[in-house]
Amino acid sequence: MIKDDISALVGQAISSALAAGQLPELVTPEISVERPAKPEHGDYAISVAMKMARTARMSPLKIAEIIKANLAPTDYIAAVEIAAPGFINFRLNENWLKGQVQGILAQGDTYGNVALGQQSRVQVEFVSANPTGPITIGSARNACMGDTLASVLQAADYQVEREYYVNDAGNQVRAWNESMWIYYRDELGVPVTDDKGEPLALKLDEETGQPTEAREFKDVRYNARAYARELIAHEGNRFLDLPEDEARALVGKEGVKIVLEHNEEDLAQLGVLFDVWFHEQALYDTGQIDAILQMLRDGGHVAEREGAVWFVSSALGQDKDNVLIRSNGIPTYFVSDIAYHYNKFKTRGFEKVIDLWAADHQGHIPRMKAVMQALGFSPDDLIILVYQLVSVNGLRMSKRNKNFIPLREVMDITGPDPIRYNMIARSPEASLDFDVNLAIAQNDTNPVYYVQYSHARTASIFRRAEEAGITPEIDRADLSLLGHPSEMALIRHLLLFPETVLEVAKNCIDNGVAELQRLPFYTLELARAFNAFYRDCYVLDQANLPLSQARLALTQATRTVLARALTLMGMSAPERMDRGEQPA
RNA sequence: GCACCAGUAGCUCAGUGGAUAGAGCGUCUGCCUCCGGAGCAGAAGGUCACAGGUUCGAGUCCUGUCUGGUGUACCA
C-alpha cells in the first residue's frame, strides 16, 4: 500500500534527522498521508511538518526541508516538493505507475485483496427480520450493507460467516401464531368469532392493533391470510384435528417456515446468501437460556424485584437495570440475545462479532455491551453497526404498523443491481426516504447504469478488437508507451482500489463504522476516469498496434477492477447492456 | 427532560483537522464520418442550520441554540 510506504518512509526520515541532531527530540505525531484534491499538489501529501512546528520550535518549512533531505530514495517516488505553509508533496514515478498495470493484470480478480484479518474468524449477523412477513425495503438496506461488508472483510483476509437470526420465540411470533390460526380456520370455512359472534380478525385488527391482515399487495402472499392459504395448499386441514393449543403452535410454526422460504428466496435473488440461519427457539430447546441465566446469577448480575428478574446493569455503569424475565414468567428478548451472543463468542469462538441494526435498536447497544463485560468478554469484540431508518413518503417503514414496501415488488421491476448499489450509496448515518419512482427508473438518472455501462464498454472494446483483427496480447504489451494524462489518471484511480478496501475494512473492525458508501463512489469515479480515457485515447489504432496493445492492457485492468468492485457490492458486471425501453 | 443520528447546490447525497467544498439528478449551451450517445464538453447554482470556542489551519473537533428522525417498555 503506497500510503503506508510513504508513511513509513517519512517516519524513517524523521528518525534519521533526529539521530543526526537536525531535529530536536520530541514526540513524533502520527504521520497521516493524504490525497491532495489538486493534481499540482502531487499524488500524496503529508502535513506532519506543520504538526511538529510548535513543539520543535522551528518553522514548518524548515522541518519539511529537513525531512525531505533525509528521505531515502525509492523507485516509486519521482519528486518531493515542499509547499507553503509546510506540506510535503509526493509525486509518483510515471514509469512505476505504468508498471503497476501489469501487476493488476497478474492479480486478476484477486486484485483488491489486502492483508489485514490474517484469516481470523468474524461473524456478520444481519437482516434478522422477524419471520412474520416479507423482506421490506428497510430490511433490504440491512441486507445490502451486511452482505457488502462481509465481502469487503473477506477481501481483507477475514474468515467471514454470514448469519441470519430468526426471532421465532418472541411476542410478535405469539401474535403471528394467533393470526395464522385465525386465518387458517377462516380459510377452511371454520367460523372464527369471539364470544359475541363478531368476526375475530376484524376485532383484532381494529381494537387490539395486533397484526392480522397486512395491507393488500399485488402478490397475495404478502399477508397472513395468504400464508395461511399456502399452508393449506401444502398441508390441507390436518391441523384442525389436533388439540387447539398444539394446532395453534404448529400452524404458526409452519407459517414461519413458509415466510422464511420466501424471504430466503428474495434475499438470494438480491445476491444475499447466508451461511447460517440461527433460530432463537433453539436457545430455549437446548437449555442455553437457562444456562445463561445461571451464569449471570453466579456472577452476581441478577436481582429479583417487583416479581421480575433483572440484569443489574446499573452496577456496570448503565443508566438503569433491564428485565430478563417478566413477572409473568416469560423471558424478554434481551435474555435470548445474551444467550445468543454468548453462543457466538464462547461456543463458536468468533474473534469478532458484527451486528447490523437499524437505528430504532440503538438503545439496545449499551446493555449488550454491559452484558459482554459481565460475561467476561471484551465489549470491543462486539461491533454493533447502526444505520438510520428507511421511510416511505416520509412515513416510517415498519411491518408492525403495516407501512412498508416489500423488496420483492421493487426487485421484480428493477432487478437486484440498482437496489444493491443505491442501498449502500449513502452513509449509514443518513436516513433514507425511499422513492419508488426513482428507484425503478431504468434510465440515465440512475448512476448504477453509468458504472455498469462502463464495464460493458471495456468488454465491447475487446469484441471490437477481435473484429478488427487485433489479437490482444496484453501480457506482452509495452506499457511504457502509455503516458497520456487521461491514461495516467486512470492508472492512479485503479491503484486506489486496494486502499479503499483496506480502509473500509479497517474502519469497521477498529472504529465500528461501516463506510460502505465509499465503494459506489469509488466505482463511479473509476468509471468516469475510464470514460475520459475512452474519449481521449482511441484504443484500437491499426496504425499503431504497440500502443493499441498497451491501451488494451489498461482497458483490461480497468475491466478487472470495475468487475471486482461490482462483485464486492453484490452486483453483476455485464458484458453488454440491454437497452430496454428508454424514456424519451 | 435525557441520549443517539442528521442539517452541505433547486432535489438526493459525498467530503480520513489541511491547500480554491464535490458528485448524481434537475436547469441551460454545445457534440453523432471513428472503439456502444445508458456517452462527452461546458455553464449557472453555496452565509457548509445559527452563535461562540480550540487550532498555524474547522464543513470536519468542543460548547450552546434551533429544526428533523430515533430511542428512553416487564415491545422487538
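Take the cross-link list A:LYS3/A:LYS346; A:LYS346/A:LYS399; A:LYS51/A:LYS369; A:LYS3/A:LYS506 and give me the ones stretching past 26 Å between alpha-carbons.
Working: A:LYS3/A:LYS346 37 Å; A:LYS346/A:LYS399 33 Å; A:LYS51/A:LYS369 36 Å; A:LYS3/A:LYS506 14 Å.
Exceeds cut-off: A:LYS3/A:LYS346; A:LYS346/A:LYS399; A:LYS51/A:LYS369.
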Quick shape check on segment A:317-413: root eigenvalues a ≥ b ≥ c of the Cα gyration tensor, a/c under 1.5 is rounded, otherwise prolate if a/b tops b/c, else oblate, and it reads prolate
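Calculate what fraction, in whole %, of the accessible area of chain A sits on carbon and sulfur atoms when a 1.4 Å probe is rolled over the protein chains.
49
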Contact order relative to length for segment A:2-92, counting C-alpha pairs under 8 Å separated by 6 or more residues, stands in percent at 30
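Across every pair of different alpha-carbon atoms, what Kirkwood hydrodynamic radius in Å does segment A:53-182 reach? Each step should come with its number before you reach the end.
Values: mean 1/r = 0.0487 Å⁻¹.
This gives a value of 20.5 Å.
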Expected unfolding gain across A:ASP186-A:THR286 under the 0.36 nm per residue rule, minus the alpha-carbon gap, is 32.5 nm
Here the Kirkwood hydrodynamic radius of segment A:357-443, Cα-based and in Å, equals 15.2
For chain A, the dipole about the Cα centre with charges only on Cβ (Lys and Arg +1, Asp and Glu -1), to the nearest 20 debye, works out at 1560
Long-range amide H partners of A:VAL166, meaning residues 5 or more apart or on another chain whose placed amide H is closer than 5 Å, are A:PHE278, A:HIS279, A:GLU280
Percent relative contact order for chain A, counting Cα pairs under 8 Å at least six residues apart, stands at 16
Two pseudo-spin positions, 7 Å from Cα along C-beta at A:GLN362 and at A:GLU265, lie apart in nanometres by 3.7
Residue span A:GLU575 to A:GLU429: 0.36 nm per residue of separation minus Cα-Cα distance leaves a gain in nm of 49.1 nm
Where a ≥ b ≥ c are root eigenvalues of the Cα gyration tensor, a/c under 1.5 meaning rounded, otherwise prolate if a/b exceeds b/c and oblate otherwise, chain A counts as oblate
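Which FRET efficiency value, to the nearest 0.05, do you get for A:GLU466 and A:HIS234 by plugging their Cβ-Cβ distance into 1/(1 + (r/R0)^6) with R0 = 56 Å? Please list the in-between numbers first.
On the way: r = 52 Å, r/R0 = 0.93.
My answer for the efficiency is 0.60.
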Computed from every Cα-Cα pair in segment A:2-92, P(r) in 10 Å bins starting at 0 and rounded to whole percents is 18, 57, 24, 1
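Please report the antiparallel percentage of DSSP beta bridges with both residues in segment A:290-399, rounded to the nearest 5.
Values: 10 of 16 bridges.
Roughly 60 percent of the beta bridges in segment A:290-399 run antiparallel, per DSSP.
If DNA, RNA and ligands are ignored and the probe is 1.4 Å, what is the ranking of A:LYS68, A:LYS51 by accessible area, most exposed first? List each step's numbers first, then the result.
Values: A:LYS68 80, A:LYS51 110 Å².
Largest accessible area first, the list is A:LYS51, A:LYS68.
Express the C-alpha Rg of segment A:258-315 as a ratio against the empirical globular expectation 2.2 N^0.38 Å, rounded to two decimals. Each step should come with its number before you reach the end.
Working: Rg = 18.1 Å, N = 58, 2.2 N^0.38 = 10.3 Å.
Output field value: 1.76.
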Going residue by residue through segment A:414-425, the Karplus relation 6.51 cos²θ - 1.76 cosθ + 1.60 with θ = phi - 60° gives ³J(HN,Hα) values, rounded to whole Hz and with x marking Gly or Pro, of 9, x, x, 4, x, 5, 4, 5, 6, 6, 9, 6
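Calculate the FRET efficiency for A:GLU306 and A:GLN118 from the Cβ-Cβ distance with a Förster distance of 45 Å, rounded to the nearest 0.05. Numbers along the way, then the final one.
Details: r = 49 Å, r/R0 = 1.08.
Rounded to the nearest 0.05, the efficiency is 0.40.
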Per the 1/(1 + (r/R0)^6) rule, R0 = 45 Å and r from the Cβ atoms of A:TRP96 and A:GLU244, FRET efficiency to 0.05 is 0.05
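Taking Cα pairs under 8 Å and at least six residues apart, what relative contact order does segment A:399-481 come out at, in percent? Could the numbers behind the result be given before it?
Details: 22 pairs, mean separation 21.6, N = 83.
Relative contact order, segment A:399-481: 26 percent.
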Here the Cα Rg-to-2.2 N^0.38 Å ratio for segment A:447-568 is 1.15
Out of A:PHE334, A:PHE278, A:LEU240 - ranked by how far each Cα lies towards the positive end of the dipole of segment A:239-356, with unit charges on the beta-carbon of charged residues - the top one is A:PHE334
Between A:ASP109 and A:LYS253, the two model label points (7 Å from Cα along the beta-carbon direction) sit apart by a distance in nm of 4.1
With Cα coordinates, the longest principal axis of chain A makes an angle with the long axis of helix A:518-536, in degrees rounded to 10, of 40
Simple SL model, points at 7 angstrom along Cα→Cβ for A:HIS484 and A:ASP412; separation in nm is 4.7
Taking Cα atoms, the helix A:224-235 axis meets the longest principal axis of chain A at an angle in degrees (rounded to 10) of 80
If one compares the long axis through the Cα atoms of helix A:485-511 with the longest principal axis of the Cα atoms of chain A, the angle in degrees, nearest 10, works out at 40
Rounded to the nearest 5, the percent of antiparallel DSSP beta bridges in chain A equals 50
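The values are calculated or read from the model by the stated rules, or taken from the named source; none is laboratory data. Here the structure is a predicted model, which is why all the values come from computation and not from measurement. Cβ: placed from backbone, ideal geometry, glycine included. Neighbour counts: every protein chain shown. Ligands, DNA and RNA are excluded from the accessible area calculation, which covers all protein heavy atoms including side chains. Shrake-Rupley method; radii C 1.70, N 1.55, O 1.52, S 1.80 Å.
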